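Take a look at the structure set out below.
The values are calculated or read from the model by the stated rules, or taken from the named source; none is laboratory data. Every value quoted in this text rests on a predicted model; they were computed, and no experiment measured them. Using ideal geometry, Cβ is built from the backbone for each residue, glycine included, and neighbour counts are taken over all protein chains shown.
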Amino acid sequence: MAHILHSEIRIQGAQNALVRFAKGPIRGVLAAVVCVAGQSDAFSQIGLEFITIGNMGNAPDATTYGRVDYPYRIGKYEVTINQYTAFLNAVAASDNYSLYAPELATDATVAGISRSGAPGSYIYSVIGDGNRPVSYVNWFDAARMANWMHNGEPTGPQDASTTEDGAYTLNGAMSGIINRNNGARVYVPSENEWYKAAYYDPALNAGTGGYWLYPMRSNSTPNNLVGSLPNQANFYTASSAPGGLLSVTQQSTIAPGQTYLTPVGAFTASASAYGTFDQAGNVYEVLDAVSGGNRVARGGTWWANNSGYLLQLQSAGRNLSLPPTSKSAFFGFRLAGSSVPEIVLEHPAGTALVDGVAAINFGAVTIGGSGAKTVVIRNTGAGSLNVSGVTFDGPDVPDFSVNPSSTVIAPGQQASVVVTFAPGGTASGSRSAGIHIASDDGDESPFDIALGGMAYSPTADVDGDGLNDAAEFRLSALGFDWQTSQPALVSTLYSGANIAGLYTASQVQALHVGTPLISRNPVSGKFKLTIGVRKSTDLIGFSSFPMTAPQIQLNGTGELEFEFDSGDNAAFFRLESR
C-alpha cells in the first residue's frame, strides 16, 4: 500500500499544525498519515441513493462552513466497490484515463476490484464484499463517474458522451483544477454541501438549527465497534500506532491479508441528522473544494496514527493538501446531485415538444363530440417535479380542457395528462387556444403549447346544398366541400346510398309514428283499436301489408300475434294506428 504524497491536515479552532510525509510502503506499522492539532431515493441504475437536503439559507457554524442557500441531494452512502465496478465495466474497457488503480486488487487492507483481459477488452470484478466504499480513487475519477451519471450511465468509450463532459468539462484532463459546470445533475459535493449534510441539524436549538461536533448527531467521543449502537464510526482509537484499536478487528496493528473497510451504513444508528452514513471514518471523502492547487477532503479514515485520531472526524478537520491526482487506501468519495426538476413533454410518447414552439392539432371534430390527445410529462431532473396547474388562453378556450391539471412526478418518472377538444356552438370552422402548464421547472414554466382543430356542425349547412357540414367534411375524399354548394352531388349521394341499403337518420326515424290512438263509437260507446302494417324495402316509399284472418291469433297472455312471410333481402315494417 502506498501513502499519499505530501499531505496536510489543518484543524480549525485549534493551533495550526502541519505534517508532511513521504511516499513509502507499509511495513508492520504505518508511518504518520495525517496530522491534526488542538429523504432517500434511488437515483440510478447502479443503486446510488441520494438524501435531499433542504433548510435553505441556514446559518454557517463557527468554522464559517455549512451554509447552503438551495436544496440539493447528496449520497446517502459513500460510492461503493459494487457501484464503481459497474462504472468501470461501462466505460473502461480501455481505461484511457486510469480510472482503475492496480492497488485495488493488491492492497489487502482495502482490496475490492480485480481487472482481467487486455486494453480494449478489460473486465472488472468485485473482490469480497462489494458494499464497502471504493478507495484508491482521486478527484478526477470521482468527476468522471459524476459525468457518467449526469449523462445517464451510458456504455461506451470514454468521450464527451460518457465521462469527458457533463457535470465537468474534462476532455482528457488528468491534472489541474476544473470547476463544476452550470446545470450539473450529478457532481462531487462542495465543502459546504458536504459539511451541512454531515453536521447541521435543523432541530437543534429549539428548531432554529445548529451543528453537531461529529456527523453522528453527537458532541461526545464516539466508539468504533461495528454495530447498531449510536455514535459509532470506523476509525483508529489511539493517538499513535500501536496502542489503539482498528474498528474491524479490534486489534492495534494491521494483520496480513485483512481488509479494514466496513460496509457502508454498517453503523446503523450513527446517521447524520439528514440520514447520511459514514461521513466520519471509513475513507476520507474528496470534495469539490480547492486549497491552493490541491483538493480538500473531509471525514477521517479507518486508520490514523497521530494525535488527530478524533479531530479527523470532527467538524474542524480538513485535509487541505490532497493533490487532485493522488490515490491511496484512505481516500474515496460520495456524489451529490442537483434537486432541480426538469420537465419534458412528449406527444406522441417519445416525441419531445419544444416549449413555446410546439403545437397539437386535433383535426376535425363534430360539434357535440370530442377528440382527445395524451401528453406524456417526464421528469428528467433530480428533484420532484410539481406540475401545479394549467391555464388556457386564446379565442376558443371553452372548447379545450385537460385532466388532471396538477400532479407531482418523482425524478426519472412520468405521468400522462389528457387534453380534450370538445367544440361547442353551432358554427363550423377552425378553433384554437393556447395551453400553459405551470411547474417548478426553473426555465420552462409555464410550458406553452398551441392547440388547434376544426369544428364541424352536424346540423348547419353552410353551403345550402342539403348536406350538413360535418357530413361533407367526412366525405371530402368523394369530392364534397362543406363551403361549396353541390346539390347534384348531394342528390347522387342520397340515391346511391339508398340503392346500397344506406339510410339517413330522418328516414329511420320515420318508422316511429307515435302512440296508437283508440277511437270510441259514439252510438255503441265501445272502443276500437285499428292497427295497420306498411312495408318498405328502401325507406322511401311504403306500401300496405294486409293482415288476413289466418295470420292473426291471440296468444296465452292475450297478446295479438301476426305471422307472415317476406321474401325480401331487407325490409322495414311500420305499424300505424287508424
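Look at residue 322 and say whether it is in contact with a Gly (Cβ under 6 Å, 6 or more places away or on another chain) and crowded, with 24+ Cβ neighbours inside 10 Å. Lay out the reasoning, then the answer.
Details: in contact with a Gly (Cβ under 6 Å, 6 or more places away or on another chain): no; crowded, with 24+ Cβ neighbours inside 10 Å: yes.
For residue 322, the condition - in contact with a Gly (Cβ under 6 Å, 6 or more places away or on another chain) and crowded, with 24+ Cβ neighbours inside 10 Å - is not met.
Screening residue 438 on (1) touching a strand residue (DSSP E or B) at 6+ places or on another chain (Cβ under 7 Å); (2) modelled with pLDDT of 90 or more; (3) assigned to a loop (DSSP other than H, G, I, E, B) shows it passes everything except condition (3).
I'd like the residue in region 165-208 that is among the hydroxyl-bearing types (Ser, Thr, Tyr) and part of a loop (DSSP other than H, G, I, E, B) and, out of all such residues, is nearest to residue 61 (Cα to Cα). Lay out the reasoning, then the answer.
So the first thing to find is which residues in region 165-208 are among the hydroxyl-bearing types (Ser, Thr, Tyr), and the list is 168-169, 175, 187, 190, 195, 199-200, 208.
Pick out the ones that are also part of a loop (DSSP other than H, G, I, E, B) and you get 168-169, 175, 190, 208.
Numbers: 168: 29, 169: 33, 175: 33, 190: 16, 208: 13 Å.
The selected residue is 208.
Taking into account only those residues within region 523-578 that are part of a strand (DSSP E or B) and among the small types (Gly, Ala, Ser), which is surrounded by the fewest Cβ atoms within 10 Å (Cβ to Cβ)? So the residue we want is 543.
Between 67, 73, which is assigned to a loop (DSSP other than H, G, I, E, B), within 26 Å of residue 341 (Cβ to Cβ) and of a type in the set (Lys, Arg)? Spell out how you get there, then give the answer.
Numbers: 73 fails: assigned to a loop (DSSP other than H, G, I, E, B).
After applying the criteria, what remains is 67.
For residue 396, state whether it is among the acidic types (Asp, Glu), more than 31 Å from the chain's Cα centre (by Cα), more than 30 Å from residue 187 (Cα to Cα) and surrounded by 14 or more Cβ atoms within 10 Å (Cβ to Cβ). Break it down stepwise before answering.
On the way: among the acidic types (Asp, Glu): yes; more than 31 Å from the chain's Cα centre (by Cα): yes; more than 30 Å from residue 187 (Cα to Cα): yes; surrounded by 14 or more Cβ atoms within 10 Å (Cβ to Cβ): yes.
So residue 396 fits the description; yes.
Residues in region 340-385 that are β-branched (Val, Ile, Thr) and under 30 Å from residue 426 (Cβ atoms): 360, 365, 366, 367, 374, 375.
Could you tell me whether any residue of region 310-325 is of a type outside the set (Ser, Thr, Tyr), assigned to a loop (DSSP other than H, G, I, E, B) and under 21 Å from residue 129 (Cα atoms)? Spell out how you get there, then give the answer.
Pass one, region 310-325, residues of a type outside the set (Ser, Thr, Tyr): 310-314, 316-320, 322-324.
Imposing the further condition that a residue be assigned to a loop (DSSP other than H, G, I, E, B) reduces the set to 310-314, 316, 323-324.
Within this subset, residues satisfying the condition of being under 21 Å from residue 129 (Cα atoms) are none.
Scanning region 310-325 turns up no residue that is of a type outside the set (Ser, Thr, Tyr), assigned to a loop (DSSP other than H, G, I, E, B) and under 21 Å from residue 129 (Cα atoms).
Counting the residues of region 519-578 that are over 28 Å from residue 497 (Cβ atoms) and within 60 Å of the chain's Cα centre (by Cα) gives 0. Residues of region 326-350 that are modelled with pLDDT of 90 or more, part of a loop (DSSP other than H, G, I, E, B) and not assigned by TED's automatic domain parsing to the domain that holds residue 418: 327, 328, 329, 330, 333, 334, 335. Taking region 116-146 as the range and being surrounded by fewer than 17 Cβ atoms within 10 Å (Cβ to Cβ) and in a strand (DSSP E or B) as the test, the residues that pass are 116, 123, 125.
Of the residues in region 367-388, how many are buried (at least 20 other Cβ atoms within 10 Å of the Cβ) and either in contact with a Lys or Arg (Cβ under 9 Å, 6 or more places away or on another chain) or within 30 Å of residue 454 (Cβ to Cβ) (or both)?
First, pick out the residues of region 367-388 that are buried (at least 20 other Cβ atoms within 10 Å of the Cβ): 367, 375, 377, 379, 381-383, 385, 387.
Within this subset, residues satisfying the condition of being either in contact with a Lys or Arg (Cβ under 9 Å, 6 or more places away or on another chain) or within 30 Å of residue 454 (Cβ to Cβ) (or both) are 367, 375, 377, 381-383, 385, 387.
Residues flagged as buried (at least 20 other Cβ atoms within 10 Å of the Cβ) and either in contact with a Lys or Arg (Cβ under 9 Å, 6 or more places away or on another chain) or within 30 Å of residue 454 (Cβ to Cβ) (or both) within region 367-388 amount to 8.
Residues are listed down the side, and each one gets a yes or a no for (1) hydrophobic (A, V, I, L, M, F, W, C); (2) at pLDDT below 50; (3) under 24 Å from residue 278 (Cα atoms); (4) not assigned by TED's automatic domain parsing to the domain that holds residue 332:
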| site | (1), (2), (3), (4) |
| --- | --- |
| 11 | yes, yes, yes, no |
| 45 | no, no, yes, no |
| 68 | yes, no, yes, no |
| 80 | no, no, yes, no |
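For the subset of region 181-205 comprising residues that are at pLDDT below 95 and of a type outside the set (Val, Ile, Thr), which member is surrounded by the fewest Cβ atoms within 10 Å (Cβ to Cβ)? Talk me through it step by step, then tell me what you get.
Our first condition is that a residue be at pLDDT below 95; within region 181-205, this holds for 181-186.
Checking which are of a type outside the set (Val, Ile, Thr) leaves us with 181-185.
Working: 181: 14, 182: 6, 183: 12, 184: 19, 185: 22.
So the residue we want is 182.
Is it the case, given these coordinates, that residue 149 is of a type in the set (A, V, I, L, M) and not in a loop (DSSP other than H, G, I, E, B)? In short, yes.
From 202, 215, which residue is closer than 30 Å to residue 340 by Cβ and in contact with a Leu (Cβ under 9 Å, 6 or more places away or on another chain)?
Values: 202 fails: in contact with a Leu (Cβ under 9 Å, 6 or more places away or on another chain).
Among 202, 215, only 215 is closer than 30 Å to residue 340 by Cβ and in contact with a Leu (Cβ under 9 Å, 6 or more places away or on another chain).
For the condition more than 27 Å from residue 187 (Cα to Cα) and in contact with a Phe, Trp or Tyr (Cβ under 9 Å, 6 or more places away or on another chain), what is the one hit in 388, 401?
When all the criteria are applied, what remains is 401.
Tallying residues that are among the small types (Gly, Ala, Ser) and in a loop (DSSP other than H, G, I, E, B) within region 455-482 yields 5. Does region 389-396 contain at least one residue that is modelled with pLDDT of 95 or more, assigned by TED's automatic domain parsing to the domain that holds residue 235 and outside any strand (DSSP E or B)? Scanning region 389-396 turns up no residue that is modelled with pLDDT of 95 or more, assigned by TED's automatic domain parsing to the domain that holds residue 235 and outside any strand (DSSP E or B).
Could we say that residue 421 is aromatic (Phe, Trp, Tyr), more than 18 Å from the chain's Cα centre (by Cα) and closer than 27 Å to residue 489 by Cβ here? Answer is no for this residue.
Annotation: residue 168 fulfils all but one of (1) out of contact with any Pro (no Cβ under 8 Å at 6 or more places or on another chain); (2) modelled with pLDDT under 95; (3) not basic (Lys, Arg); the unmet one is (2). Any residue at all in region 237-259 that is within 30 Å of the chain's Cα centre (by Cα) and modelled with pLDDT of 95 or more? Scanning region 237-259 turns up no residue that is within 30 Å of the chain's Cα centre (by Cα) and modelled with pLDDT of 95 or more.
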